[in-house]
Amino acid sequence: MLFTISLQAQSPQGKEITLSGTVQDKEGAIPLEYATITLINKSNPEAVNGGITTIDGSFSIKTPAGVYDIKIEYISFQPVILKEQKLFKDTSLGTINLEIDAATLEEVTVIAEKTTVEYKLDKQIYNIGKDLTVRGASVSDVLDNVPSVTVDVEGNVALRGNSDVRILINGKPSGLIGLSGTDALRQLPAESIERVEVITSPSARYDAEGSAGILNIILRRSKLQGLNGAITANIGNFDTRGISGNVNYRTGDFNIFATGGYNIRGSEGNTFTSRIETDGSLIEDREFTRERGGLTANFGVEYYIDDNTSITASAVVRDSDNENESLNIITQTSGNDVFLSQRFAPETEQDLTSQFSLNFDKKWENDGNLSIEFQYENSEETEFVDIRNSSLNTGTPTELETNETIEDQKRFFAQVDFVQPLGDNARFEAGYRGNIRDLDTDFIVFDNTVDEDNINGELLLNTDLTNSLIFKENIHALYTQYGSKINKFNFLLGLRMEYTDIEIDQQTVSDFNSRDFTNFFPTVNLNYELNEKETVSFGYNRRIRRPRGFFLNPFPSRTSATTFFQGNPNLNPSLSNGVDLGYLNKISKSLTLNGSIFFRRTEDTFQFVFLETGDTTIVNGEEEAVLTRTPVNLSRNDRIGAEATLTYSPTKKWRINANVNVFNSETSGEFESIDFGASNFTWTARLNNKYTLPWRIDWQTRVNYRGPSVNAQSENEGIFSADFAFSKDLFNDRASLALNIRDIFNSRVRRSTVNFPFPGESEFQFRERSINLSFTYRFNQQKKRERSNRDFGGGEEDFEG
């Protein structure tokens, strides 16, 4: 305001005038929204004024009277410059026609299209804006489309074949992931995600958790002036439907943003298991239906104190209500006798998560930065299962059982990051992160077989299975790192210290134990530019995998009458050291090759094993052995592999992305005198092909193959799957209609041969073929124009000197 008053005082006329006009595309006479008009005062060049056009291409700018150079600009168009315009009264420039800039159009198209994969010093960035196969889908589907990442049929996420992956939202733990990570990822709408960062060699700034690396999911957030956003509605088979979107309002020093949606996702699946014992065989078929519904919302306000300082307050709410229904048919063979029984288990689950965040961000010259953030989260999950076991060919009374699991988690998160440039080509970083988590779990079991004297078959509390667990985990971390650029050589060296304090309180059996440990995690990231097109990189990092509360809870959780899961309270964290040698070649504007060779050694590695409990259960009047599945520490795992990603665009209408990952995993170790050592060589391949058909219809095909794999107890067959998608833009690119078919051949089935403790076979298909139709409408938001001028990742900034 003072600056404007100064200009007015210097104006010889001492008055303010209005400059107006309209900007449009010369070729199509289409109004250009958000075109920039800049006014430079000839008598005072430092005095710059201006504005942007509205939705109809018009502008109206108030400015002190005087002589100005006027510049009109728009992305991918040639600017128009009007020299020495005498503005001493209200003036209209009429219609200003801008021409396409052919020299820069191709480069701008690359930015606008947001190529599928971008390569940075320590990470790969996958942008989902143009990915048709995830329209109307979930975040779990998005991750399954990311190079280097796989999501198995049970929803478990793996990076380069390693399932120990740390998943962050906007660079930090989030309530959007929830207590059951895989289920939460299947409920989050894909439209709320802007990009996914794949960080295989994390620097010291990141959590040391996750031996495979980090997946950082960045939520959508616009910086455009005014009101803008998009909304998507979708419908599919298995009674799938939903609506989601994002909205942003930027005015003056405030930016208000929100993303979210309400979705109901249905699916049908099936499993098959068989095992052969000395006195007969047991076959179990299970069919299940799932319906996951819920509301997810993320909203906040960002206030710009000045050009370099901002405060952001945001909140997350996730409220879901899930219904699952499974039917197990068990066939037992003993000699010539065949017995049939069934297990019917309807299940309901309610999840409620709320999270509040406050962030202060201060920037200064040469990318100096101070960021302070606080976050509080409360998550509640209640699961109720009503189980009925009955015989189909005997007079055995029906066995009734109800299980209720109540989980309540509270988490407090605090982080401080400081970045100080040291000259033009170096910088120093330091910071603190605290993560305090309390998780209370109550598991309550009622059944009618708890007492032989229970003649009336009443449901009574089963004290052998009912339990209560309080799990507390406090992690405090300090880090520092230094980076510099010397000619064509970049380096980033860091050290992170993490102190972990864990308490496990088994209230049911009055068993309390605690442990604490301090670990140091050095990191090295090196980068050398061979030439303008080729770059080689080297990364070293030390990582940790801590056991979760579920892994430590020794009370059994049943999945069937003959099998249950049991935690291991003696489970120790596993530590790993890994190296990564990378190569990037931008062969041409249309062809990029990125490859790496990696090795990681993990001590005290986790592995889930099946063990005989020595107990038996009666099914159809026959005794059957009861098995338990539990995590154990084995001595060592060595993983070595290679990966290559190729991005190729033969024409502007055609884009191909291919990724191949080959690795060998060697595990050694014994548990209870049983050798669980195994060698597993396998590979994965993914091909994405996108082509624009006539009438501007986009066609995308995605093909996945996961090679055969083995472990100490089973062998898994390879899995092939394919997805198709079609999309058509409507209403001047303001809307899109997309159809996608996931697992078009219905082949995404895991088939295994089990060798121990009993020989047998198994199959599992989480979701059968699904079809989804979605419609997206964008308001005040051009599909190919949006650019972000701030990094909202909350994670590692790109460092290139």
Requested in this report: Could you tell me whether any residue of the stretch 238-252 is aromatic (Phe, Trp, Tyr) and at positive phi?
Outcome: yes
Query raised in the report: modelled with pLDDT of 90 or more, in the same structural domain as Lys485 (by TED's automatic domain parsing) and touching a His at 6+ places or on another chain (Cβ under 6 Å) - does that describe any residue in the stretch 415-425?
Result: no
Query raised in the report: With respect to Arg220, is the statement that it is surrounded by 18 or more Cβ atoms within 10 Å (Cβ to Cβ), over 30 Å from Trp364 (Cβ atoms) and either more than 23 Å from the chain's Cα centre (by Cα) or not acidic (Asp, Glu) (or both) true?
Result: no
Report summary line: Restricting the stretch 497-524 to residues that are more than 20 Å from Ala477 (Cα to Cα) and either touching a Phe, Trp or Tyr at 6+ places or on another chain (Cβ under 8 Å) or not in a strand (DSSP E or B) (or both), the one modelled with the highest pLDDT turns out to be Asp505
Report task. Check the stretch 527-550 and report whether any residue there is at positive phi, of a type outside the set (Asp, Glu) and assigned by TED's automatic domain parsing to the domain that holds Arg600. Result -> no
Requested in this report: Collect the residues in the stretch 399-413 that are more than 23 Å from Phe356 (Cα to Cα) and crowded, with 19+ Cβ neighbours inside 10 Å, keeping them in residue-number order.
Outcome: Glu399, Glu401, Asn403
Requested in this report: Scan the stretch 373-391 and give yes if some residue there is free of Cβ contacts under 8 Å to residues at least 60 places away in the same chain, more than 24 Å from Thr405 (Cβ to Cβ) and among the aliphatic types (A, V, I, L, M), otherwise no.
Outcome: no
Query raised in the report: Looking at the stretch 207-225, is at least one residue modelled with pLDDT of 75 or more, over 22 Å from Tyr304 (Cα atoms), among the hydroxyl-bearing types (Ser, Thr, Tyr) and part of a strand (DSSP E or B)?
Result: no
Query raised in the report: Which members of the stretch 299-339 meet the condition of being out of contact with any Phe, Trp or Tyr (no Cβ under 6 Å at 6 or more places or on another chain), closer than 30 Å to Ser274 by Cβ and either small (Gly, Ala, Ser) or crowded, with 17+ Cβ neighbours inside 10 Å (or both)?
Result: Asn322, Asn324, Asn328, Ile330, Ser334, Gly335, Phe339
Query - When residues of the stretch 85-109 are limited to those that are over 20 Å from Ile72 (Cβ atoms) and surrounded by 13 or more Cβ atoms within 10 Å (Cβ to Cβ), the one modelled with the highest pLDDT - result: Phe88
Query raised in the report: Among all residue pairs at least 6 apart or on different chains, which show Cβ distances below 6 Å where the first residue, located in the stretch 482-510, is on the phi < 0 side of the Ramachandran plot and assigned by TED's automatic domain parsing to the domain that holds Thr523 and the second is of a type in the set (Asp, Glu) and surrounded by fewer than 15 Cβ atoms within 10 Å (Cβ to Cβ)?
Result: Asp501/Asp516
Query raised in the report: How many of the residues making up the stretch 543-584 are aliphatic (A, V, I, L, M) and modelled with pLDDT under 90?
Result: 4
Requested in this report: Could you please let me know if Asn255 is out of contact with any helix residue (DSSP H, G or I) (no Cβ under 9 Å at 6 or more places or on another chain) and within 21 Å of Thr563 (Cβ to Cβ)?
Outcome: no
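The values are calculated or read from the model by the stated rules, or taken from the named source; none is laboratory data. None of these values were measured; they are calculated from a predicted model. Cβ atoms come from the backbone with ideal geometry, glycine included; neighbour counts cover every protein chain shown.
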